[in-house]
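The next block holds one structure in the form of structure tokens; read it before the comments.
Read-outs throughout are calculated quantities, based only on the coordinates presented, and are distinct from any laboratory measurement. Because the structure is predicted, anything quoted here is derived from the model rather than measured. Every residue, glycine among them, receives a Cβ derived from its backbone with ideal geometry; neighbour counts consider all protein chains shown.
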């Protein structure tokens, strides 16, 4: 049972907009690795992943890069904090999904794994819906990288408007 402490949860950790804190020590955990995956629900082996190693300053998968600068690493982490990504594990960040049903048949699955020091993992993901601040994050990632890494183009325009409405409550409310 002790291995469950490696799965970040609200019982053992304080999950805040600026990161994850160990409840026993109060120490903020250092984010070391990010993995994001996206694929069609009815996929035929065609999906993609991107891996970001913040310690080595490298990316692999969709984008291969072995020389992330400290500024780029800091920007990536700041985008997670600004868009309150760590808190996506809480229902309050899923208003669009809770109050506005998706009417499609297939769609997309996605996941985000945030790996912290000591191999402690925060996993977030869904099929056909996203957390309220996802669109804001995706737009800022496009602005930062010049690429649609989070696959914002797969989100319907009408849904984007709803996500932005709820994001406003989290980011400016």
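Could you tell me whether residue 50 is surrounded by 11 or more Cβ atoms within 10 Å (Cβ to Cβ), touching a residue at least 60 places away in the same chain (Cβ under 8 Å) and over 19 Å from residue 141 (Cα atoms)? No: the conditions fail for residue 50. Residues that are closer than 21 Å to residue 151 by Cβ, part of a strand (DSSP E or B) and either free of Cβ contacts under 8 Å to residues at least 60 places away in the same chain or touching a strand residue (DSSP E or B) at 6+ places or on another chain (Cβ under 9 Å) (or both) occur in region 13-33; there is at least one. Among the residues making up region 40-62, those that are under 19 Å from residue 114 (Cβ atoms) and part of a loop (DSSP other than H, G, I, E, B) are 54, 55, 56, 57, 62.
Being surrounded by 15 or more Cβ atoms within 10 Å (Cβ to Cβ) and at negative phi: is that true of residue 29 here? Taking the combined requirement at face value, the residue satisfies it. Residues that are touching a strand residue (DSSP E or B) at 6+ places or on another chain (Cβ under 8 Å) and at positive phi within region 144-167 comprise just one, 151.
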